[in-house]
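Participant: The structure follows.
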Amino acid sequence: MIRKASVHDLDSIMAILKALGTNDKNPTQGFLMSDYTVNEDLHRKKYEGDLKTLTYTYVYEEETKVKGFLIAYRKDEWLKEVPSWEEDIFWHPQFNRHALEDFVLINQTGMFPGLTGKGIGSSLYQALFADLAQAGITNIFAETIIAPTPNFASLHFRIKQKYSLAGVRYEKYNDTIFTTLVYHKRI
């Protein structure tokens, strides 16, 4: 079952984050940029704030246990988080930049290891798409890390969901330069 996430889901989301976001980046299983096994209080505070304020947060629940989540930002929310995001991207020459007028950026989709490829991510996306249709938002962006370690699980999901490559972004995080592909989808 998919439902809106709330602050009551914080412990479950943190458990997923700690399972995926470690120092070990498994390219076939999927991973997150941050290591959530360190500085847990800092991460908890950030996600608690996100769950209280963001419009588009969801969890996938099975037998009353949260097994996956999705966190997306409206354009205004994302640009508060990363003000130079649009300028930092090397946009594909054929990308229609009118898509930047109003969009949602899917920041994270995560599920416990071993659950990828079982339709959980697609179910979370369908719930988001339904809400976006009601809000009249038709442009979605998502980023996938390709270096220093490529996230093949995320790349596979972008292909499955029929995203188009919109650009490339470089981001310095904890003294490492990450290369991310910026994908776009119109719904």
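A short reminder: the numbers here are calculations on the coordinates, not readings from a lab. Predicted model only: the values in this text are computed from it and were never measured. Every residue, glycine among them, receives a Cβ derived from its backbone with ideal geometry; neighbour counts consider all protein chains shown.
Participant: Under the classification rounded if a/c is under 1.5, otherwise prolate if a/b is larger than b/c and oblate if not, where does region 1-107 fall, given a ≥ b ≥ c as square roots of the Cα gyration tensor eigenvalues?
Facilitator: Numbers: a/c = 1.82, a/b = 1.50, b/c = 1.21.
In terms of gyration-tensor shape, prolate.
Participant: To continue, here is another question. If you take the alpha carbon radius of gyration of the chain and divide it by 2.2 N^0.38 Å, what ratio comes out, to two decimals?
Facilitator: With N residues counted in the chain, Rg over 2.2 N^0.38 Å equals 0.97.
Participant: Efficiency by 1/(1 + (r/R0)^6): what FRET value for residue 6 and residue 39, r their Cβ-Cβ distance, R0 = 25 Å, to the nearest 0.05? Write out the running numbers ahead of the final one.
Facilitator: Numbers: r = 23 Å, r/R0 = 0.93.
E between residue 6 and residue 39, to the nearest 0.05, is 0.60.
Participant: Further question on the same structure: May I ask which of 67/172; 46/75; 4/118 have a Cα-Cα span longer than 24 Å here?
Facilitator: Numbers: 67/172 30 Å; 46/75 18 Å; 4/118 20 Å.
Listed pairs above 24 Å: 67/172.
Participant: Additional query: Across region 120-187, what fraction of all alpha-carbon pairs, as a whole percent, falls in each successive 5 Å bin from zero upward?
Facilitator: Here the calculated profile for region 120-187 is 4, 16, 24, 22, 16, 11, 6, 2, 0.
Participant: If you don't mind, another one. Please compute the net charge surrounding residue 59, taking Lys and Arg as +1 and Asp and Glu as -1 over other residues with Cβ under 9 Å from its Cβ. Walk me through the intermediate numbers first.
Facilitator: Values: positive: 3, 4, 67; negative: 9, 61.
With Lys, Arg at +1 and Asp, Glu at -1, the net is +1.
Participant: Sorted by average packing, counted as other Cβ atoms within 10 angstrom per residue and highest first, what order do 40-46, 176-182 take?
Facilitator: Ranked by mean Cβ neighbours within 10 Å, highest first: 176-182, 40-46.
Participant: Go through 45/162; 65/162; 80/185; 52/162 and tell me which ones have a Cα-Cα distance over 26 Å in this structure.
Facilitator: Beyond 26 Å: 45/162; 65/162; 52/162.
Participant: On full extension of the chain, what length is gained from residue 55 through residue 162, given 0.36 nm per residue of separation minus the C-alpha to C-alpha distance?
Facilitator: Fully extending the segment from residue 55 to residue 162 adds 36.1 nm.
Participant: Another question, then. Among 92-100, 75-83, how do they line up from the highest to the lowest mean number of other beta-carbon atoms within 10 Å?
Facilitator: With the highest mean Cβ count within 10 Å placed first, the list reads 75-83, 92-100.
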